[in-house]
Amino acid sequence: MSQSVETLDEIVERYPGQPEYLIFMLQDIQSTYGYISEDSMKVVCDYSGVPLTQGYSVATFYQSFRLDPRGEHEVRVCLGTACHLKGGQRIVEEVERRLNVAAGGTTEDLRYTLSTVNCVGACALAPVVVVDEEYLSNMTAKKLEKHLKTLDYDLENETKEHGHV
Amino acid sequence: MSNVSEALKIEDWRLTSAEDLKALQKQILSGRDPNRPEIVVCHGTGCLANGSEKVSDALRTALADAGIEAKVMPGIKTTGCQGFCSRGPLVLIRPGGLFYQRVKPKDATEIIEKTLLKGEPVKRLLYKDPASGDTILNEQDIPFYKLQERVVLHNIGKIDPTDIADTIAAGGYQALAKALAGMTAEQVVEHIEQSGLRGRGGAGFPTGRKWRSALKAIETKGRPVYVVVNGDEGDPGAFMDRTIMEGDPHAVLEGLILGAYALGAEKGYMYVRAEYPLAIKHLEVAMVQARELGLLGENILNSGFSFDVRINRGAGAFVCGESTALFTSIEGKPGNPRPKYVRSVEEGLWGRPTILNNVETWANIPLIIGKGPDWYKKLGVPHSTGTKVFSLVGKVNNVGLVEVPMGVPVSAIVEDIGGGVPGGQPFKAVQTGGPSGGCIPYSLKDTAVDFDSLTKAGSMMGSGAMIVMDEGDCVVDVGRYFLRFLEEESCGKCLPCRLGLSRMREILDNFSRGRGSEQDIEDLISLAQAVQDGALCALGSSAPNPVLTTLRYFKDEYLAHVNNQTCPAGVCKELITYTIDPGLCTGCTSCARQCPNNCISGRKKEPHTIDTDQCIRCGICRETCKFDAVRVS
Amino acid sequence: MIDFTINNQKVSAQPGWTVLETARYYGIDIPTLCYHESVKPSGACRLCMVELKEGDWSKLVASCIYPVQEGIDVHTETERVNNVRRWIFEMLLATCPASEEIREMAARYGVVSTQMPVHDPDQNCMVCGLCARVCEEVVGLSAIAVMDRGVHKKIGSPFLRPTDVCVACGCCVSVCPTGAMQSIFDTVRGKPAMEMTQLAV
């Protein structure tokens, strides 16, 4: 616990304590912890000298910030125009059904977070799904399900490998 | 890591004059044999997603295995997006420009052994022109490239964007050196004014006039002033700016430094979309390398002029592409547009005079300063000079990034360069300008692509997304799509945008279900007018454009939804039914196995049927069927 | 002084005034919801749109933030202006059906009903943000703010939980143009409604 607080301090101290660095700090916290907890929000706002309301407004205004823990894997279905014309919405609906989670939500087992994104700028590959950092091109719901299964496989292997620890 | 430090011994090269830069360029070039073959692998986002990193790795391994690494200099070069994304991964062999497409890692050995060692092409990797059926050897002979005029993109696909030596070899920073050595700030602004350059971000405001106004504002308000790059390319279907930032980051940086010099700015910002991690990385690398060489930072080229720049990563908000929202975001607040009738050149970032231009605009600056406004004006047409980069996407054969002189007809881009719609029918419409723009129907395919002609046709240049639609695309659906997009992206501050867009979308939702009346169409137009007139910023005031232009050109299609409860394009779910053509169905059962609602039945090897009451119209059966037996009506 | 016209009537304004301030000074009616003289105008509700004419050309501007200029020709009751107003009122009637204040004001401008679907019959907040601006600019506390964005925008305290930053001064309640702040205030304070009403008085 105390260790993670230190890390949080380390993150904020990369920047001068000024309001203009608020978004930088929140981004770094988000990428380190996967989400912005209430405590970390307080630390950031205190450090950069803004009211808590500003931090919270910022975190809820921008799409990339999360206030709840995310799933192990982030599945982002692109809904840019090219992807829309080529069936992106259908993929979302299908994945929602198969993972039993609405877009924007996280599965109960905390394995996947499903979200949509308005154009990742890889329109030549439409429809595109970005799983974690990997761009998957010309996707169908079926191909995506296959890919997610390989992730599950990795996950199981990891658990097995680290199981004895 | 970078080749700069090894090849150039960067500590010896703190550049202090234009002559220094020339000498460095000369030294880099002298170390290179122009006749030595060079293998160029596209590492644009499109090709990377198709596995081009594995291709370049395989080529490196194959090269090492063949033991000829020294002969190929500098080994394998990876570049930014070469544009022909639908054919990726792309591999080029220079000099000559032998063009390989859809290259797989397993092709690497053959490329090295056959092409590099014996000088023979690998035939199956060559491009075959679908129109003529000819196999084409070299990049420059492929219609997709031949008909383009790559000016802003001239370096992309040639240089390694992470190695400043490549940029300098190609003439990078010469315009900056020229300006610092022999031009006053006033002359730089004059050049931009004379060039006729208009902003590439959307509205097409004359860049020179913007800079001039900023100089005026400085007279009364003094300094500090700021220069800002708008790299928050958010229009769905647009990836021009991404490609420039990823593939030629120094061009953007050089343009920005020139702008800073013209204004006397000491600090600049690059606001880049969070969804573009590679662009951010390449810009960061470029800044570090430029600082090391004395091209950025304190006392640039010993001219006494100092300037530095910071990158702000966007956090996911389309509205931050709007200038005042972008400023509030840089200041660390939610990106709400500012409610002020003051121009950014007078009161921009931190309330100071600010020049904000988009990425492509900045990338034009070094060209204008380097080659002069007279050269630049020869490109394009009188009121829209220069070239424009477009991302060509949707129902078009050659999906990718193209650059053409302003003023060419729409058909030249979509049909000649883009190769037309798959299947050969004419396109239905081309959507330009993204969610703020409109569509050009096939009947207006000769419309010149310049700022004024597109506006006259009811659309707009926008940032340069061109989305090709065919008869299978429904205008009501596309209208709903853009409205839903903007509804989600609206900051929500002003009522016409927050409430009006939702209401417009609800009306279109009803149309897509066959509900509504002609009166609703009239209401939609009147509400659209209220949103245009009432919204606080450009996001809202331009939001009705896609609906209004489709109503202008495709009103019959709206009426078909409203009056006849049909969707002519076969898209709107509630107005279509899926059936199986018993003559074509082979009873392979694959659709029945894929159907998420289990409503397809039939015996093996006998025609299947869809229970239309149970069908959720997801279209998976149609996608699955190999015999084209699933019909939409 | 700066001279110009509103509805063809000659008016003079102090430098720095807005069109709205001038109109109010002369008793010319322009509706507003999010405007309050004690805080900076925010141009959110757009009810105060007026038309600026110049020859054949004209544009709509929000009068609460538009600075006066010599010779401008302002009109407050044109077809375009009324179209914007009518739609905003219609949409507000559907979005904030529980607000009596909105219903009364809309009726004054001839909008008494809406054909739009009502999604939440209890809603009375139109998220103009006046409460939050007063809390920040006048009270200096920023206990509440506008959270989220777009259609999800709402007024609240951080993490939508009671906050001890709030000192229960009740300023937000007193400026709220739609009567919505009563119930939001309860959430912010975490106190029962009765107690809050006493404080507000």
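The values are calculated or read from the model by the stated rules, or taken from the named source; none is laboratory data. This structure is a prediction, so every number in the text was calculated from the model and none was measured. In this analysis, Cβ positions are derived from the backbone assuming ideal geometry, glycine residues included, and neighbour counts consider all displayed protein chains. Heavy atoms of the whole protein, side chains included, go into the accessibility calculation; ligands, DNA and RNA do not. Shrake-Rupley method; radii C 1.70, N 1.55, O 1.52, S 1.80 Å.
Taking 7 Å along the Cα-to-C-beta vector as the label spot, tell me the B:K221-B:W350 distance in nanometres, rounded to one decimal. Rounded to a tenth, the inter-label distance reads 1.3 nm.
Considering the convex hull of the alpha carbon atoms of the range A:73-162, report its projected area averaged over all viewing directions, in nm², one decimal.
The Cα convex hull of the range A:73-162, projected and averaged over all directions, gives 5.4 nm².
Bridging of B:K445 to aspartates and glutamates at a Cα separation below 16 Å is possible for B:E415, B:D416, B:D470, B:E471, once same-chain residues fewer than 8 apart are set aside. Sequentially through the range B:269-275, phi angles give Karplus couplings (6.51, -1.76, 1.60; θ = phi - 60°) of 10, 10, 9, 10, 4, 5, 6 Hz, Gly and Pro residues having no value and appearing as x.
Per-residue 3J(HN,Hα) values for the range B:96-101, derived from phi via the Karplus relation 6.51 cos²θ - 1.76 cosθ + 1.60 with θ = phi - 60°, read x, x, 4, 10, 10, 10 Hz in sequence order (x marks Gly and Pro). With semi-axes defined as the square roots of five times the eigenvalues of the C-alpha gyration tensor, the equivalent ellipsoid of the range B:484-633 measures 40, 16, 11 Å, largest first. Across every direction, the projection of the convex hull enclosing the Cα atoms of the protein assembly as shown has a mean area of 44.5 nm².
Relative to the 2.2 N^0.38 Å rule of thumb, the range B:253-401 has a C-alpha radius of gyration ratio of 1.17. Note on chain A: the alpha carbon radius of gyration divided by the globular reference 2.2 N^0.38 Å gives 1.19.
Which shape class, rounded, prolate or oblate, goes with chain B when its Cα gyration tensor gives a ≥ b ≥ c as root eigenvalues, a/c under 1.5 marks rounded, and past that a/b bigger than b/c marks prolate? In terms of gyration-tensor shape, oblate.
Using a 10 Å cut-off around each Cβ of peptide C:140-148, what is the average number of partner chain Cβ atoms that fall inside?
Numbers: counts 1, 2, 6, 3, 1, 10, 9, 8, 7.
Across C:140-148, the average partner-chain Cβ count within 10 Å equals 5.
Relative to one another, the C-alpha centroids of the range C:10-77 and the range A:1-80 are positioned 40 Å apart. Straight-line reach from B:K128: taking Cα to Cα under 19 Å and skipping same-chain neighbours fewer than 8 places apart, the lysines in range are B:K104, B:K146.
Averaged over its residues, how many other protein chain Cβ atoms are within 10 Å of peptide A:47-53's Cβ atoms? List each step's numbers first, then the result.
Values: counts 0, 1, 0, 3, 9, 8, 15.
Mean number of neighbouring Cβ atoms from other chains: 5.
Sorted by average packing, counted as other Cβ atoms within 10 angstrom per residue and highest first, what order do B:517-530, B:499-512 take?
Details: B:517-530: 16.8, B:499-512: 22.8.
Peptide ranking by packing, descending: B:499-512, B:517-530.
What do the square roots of 5 times the Cα gyration tensor eigenvalues come to for the range B:32-142, in whole Å, largest first, as semi-axes of the equivalent ellipsoid? Mind showing how you got there, number by number?
Numbers: eigenvalues 85, 51, 34 Å².
Working through the eigenvalues yields semi-axes of 21, 16, 13 Å.
In chain A, the longest principal axis of the Cα atoms and the axis of helix A:2-12 are about 90 degrees apart.
Looking only at other chains, what is the average number of their beta-carbon atoms within 10 angstrom of each beta-carbon in B:482-493? Write down the numbers at each step before the final one.
Details: counts 2, 0, 4, 6, 2, 2, 8, 4, 4, 5, 12, 13.
Other-chain Cβ atoms within 10 Å of each residue's Cβ, averaged: 5.
May I have the convex hull volume per residue, in Å³, for the Cα set of the range B:200-298? Walk me through the intermediate numbers first.
Values: hull volume 10.2 nm³, N = 99.
Looking at the range B:200-298, the number lands at 103 Å³ per residue.
Only lysine pairs 8 or more places apart or on separate chains count here, and in chain A those with Cα atoms under 28 Å apart total 8.
Could you pull out every residue, at least 5 positions away or on a different chain, whose amide H is within less than 5 Å of the one on B:K388? Hs are placed 1.01 Å off N in the peptide plane, and Pro or chain starts have none. Hits under the 5 Å cutoff: B:V404, B:M406. Between amide H atoms placed 1.01 Å from N, distances below 5 Å from B:G83 occur with B:L401, all of them 5 or more places distant or on a separate chain. Calculated on the alpha-carbon coordinates, the convex hull of the range B:380-469 measures out at 73 cubic angstrom per residue. The orientation-averaged projected area of the convex hull spanned by the Cα atoms of the range C:130-200 comes to 4.4 nm².
Using only the alpha carbon atoms of the range A:2-61, find the Kirkwood hydrodynamic radius as the inverse mean reciprocal pair distance, in angstroms to one decimal. Provide the component values of the computation, followed by the final result.
Working: mean 1/r = 0.0900 Å⁻¹.
11.1 Å is the Kirkwood radius here.
Applying the criteria of a DSSP loop state and at most 15 other Cβ atoms within 10 Å to the chymotrypsin sites (Phe, Trp or Tyr not before Pro) of the range B:547-633 yields B:F627.
Using the alpha-carbon positions of the range B:240-326, Rg (one decimal) and Dmax (whole number) come out as 13.3, 40 Å. A straight line joining the Cα centroids of the range B:588-633 and the range C:127-189 runs 54 Å. With 10 Å bins beginning at zero, the pair-distance distribution over Cα atoms of the range B:151-222 amounts to 17, 32, 36, 14, 1 %.
For the listed residue pairs B:K26/B:K158; B:K216/B:K371; B:K456/C:K59, the alpha carbons are over 21 angstrom apart in B:K216/B:K371. Karplus-based coupling profile of the range C:113-120, in residue order and whole Hz: 8, 9, 9, 7, x, 8, 8, 9, with θ = phi - 60° in 6.51 cos²θ - 1.76 cosθ + 1.60 and x standing for Gly or Pro. For the range B:577-632, the alpha-carbon coordinates run over 24, 19, 16 Å along the three principal axes, in decreasing order.
Size of chain C from its Cα atoms: along the principal axes, largest to smallest, the extents are 56, 40, 29 Å. Relative to the longest principal axis of the Cα atoms of chain A, the long axis of helix A:88-99 makes an angle of roughly 80 degrees. Nonpolar atom fraction for the protein assembly as shown, defined as the carbon and sulfur part of the 1.4 Å probe accessible area, stands at 49 percent. In this structure, the amide hydrogen of B:G438, modeled 1.01 Å from its nitrogen in the peptide plane, lies closer than 5 angstrom to those of B:T432, B:M460, counting only residues at least 5 positions away or on a different chain.
A straight Cα-to-Cα reach below 16 Å connects B:K378 with the lysines B:K388, residues fewer than 8 places away in its own chain not being considered.
Starting from the exponent 0.38 and prefactor 2.2 Å, build the expected Rg for the range C:2-77 from its residue count and divide its actual Cα Rg by it.
On the way: Rg = 11.5 Å, N = 76, 2.2 N^0.38 = 11.4 Å.
Working it through for the range C:2-77, the quotient is 1.00.
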